[in-house]
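Visitor: Below is the structure I would like to discuss, written out as structure tokens.
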Amino acid sequence: KNTIKLGFTLAAILITLAIIAVIAVITLPSLVSKTNKAENVVALKKAYATLSQVFYRITADNGGIQNILNGATTNEDFANVFIPKLNVAKNCGTFASKSTLCFANEMHTLLNGNNWQNLGNDGASTILTSDGMSYRFGLSDANCAQDWSLAGNASSPFYNSGCGFIGVDINGPNKGPARMGRDIFFFMVTKKGVYPEGALPDKWPADDCSTNGWNCAGKVLFEGAINY
């Protein structure tokens, strides 16, 4: 009696493994990208929540951020308003050697990949928090009276209310891509609150989150995703 033996040949197994490998090569980068974007959204939400909580504590303690900023003249003065209420692991001030960087000492890029500037050595006051995020502080107006509204719109929360800017590298100085709209985002500090760049029609979509990435923070937080 003849017995029929069923099984896979070595050639068939090798072909199957090759197909699986090709599929993995095609799909893995996309999966990694989606995972990274999701992690960045979570980190940006955390940074925004942290800054908002600190702002309202400052306001409650001083009757307004403009009161504690009164007389401030430097970026470090601006940073020092926030630092006591943040979990700071390292305070680099406005200058840091390469061994103690809070922001990567390298050329940072815009969303489209074009060179922008070195955020680790441009005069902003920088810190590294215990969760691994880098923050940079830039003072605009110690009286919190700078007009950031479009066409002098008196109903805007940006009207004659601007204090300064806070930038955040959500994955810190040692992990890339060091790019606007990917891991670097900016917030506006006014006497009325902390607003992600691009949060309101005054700033988004009037400004750009497709080329330079400056206003991507508002877009990401509004949509709850990085859809670009």
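The values are calculated or read from the model by the stated rules, or taken from the named source; none is laboratory data. Remember, it's a predicted structure, so these values are computed and weren't measured experimentally. Note that each Cβ is placed from the backbone with ideal geometry, even for glycine, and that neighbours are counted across all protein chains shown. Heads up: the accessible areas ignore ligands, DNA and RNA and are worked out on the full protein's heavy atoms, side chains in. Shrake-Rupley method; radii C 1.70, N 1.55, O 1.52, S 1.80 Å.
Visitor: Measuring from label point to label point, each 7 Å out along Cα→Cβ, what is the F222 to D61 span in nm?
Guide: Those two pseudo-labels are separated by 3.3 nm.
Visitor: Could you put D183, D131 in order of accessible surface area, largest first, with the 1.4 Å probe and the full protein assembly present?
Guide: So the residues, ranked largest to smallest area, are D131, D183.
Visitor: Let's test the formula: R0 of 41 Å, r as the Cβ-Cβ distance of N114 and N70. What FRET efficiency results, to the nearest 0.05?
Guide: It comes out at approximately 0.60.
Visitor: Cα-Cα over 24 Å: which of K37/K85; K37/K90; K46/K219; K37/K192; K37/K191?
Guide: The answer is K37/K85; K37/K90; K37/K192; K37/K191.
Visitor: Would you calculate the separation in nanometres between label points at L17 and E106, each defined as 7 Å from the Cα along the Cα-to-beta-carbon direction?
Guide: For the pair L17/E106, the computed spacing is 3.6 nm.
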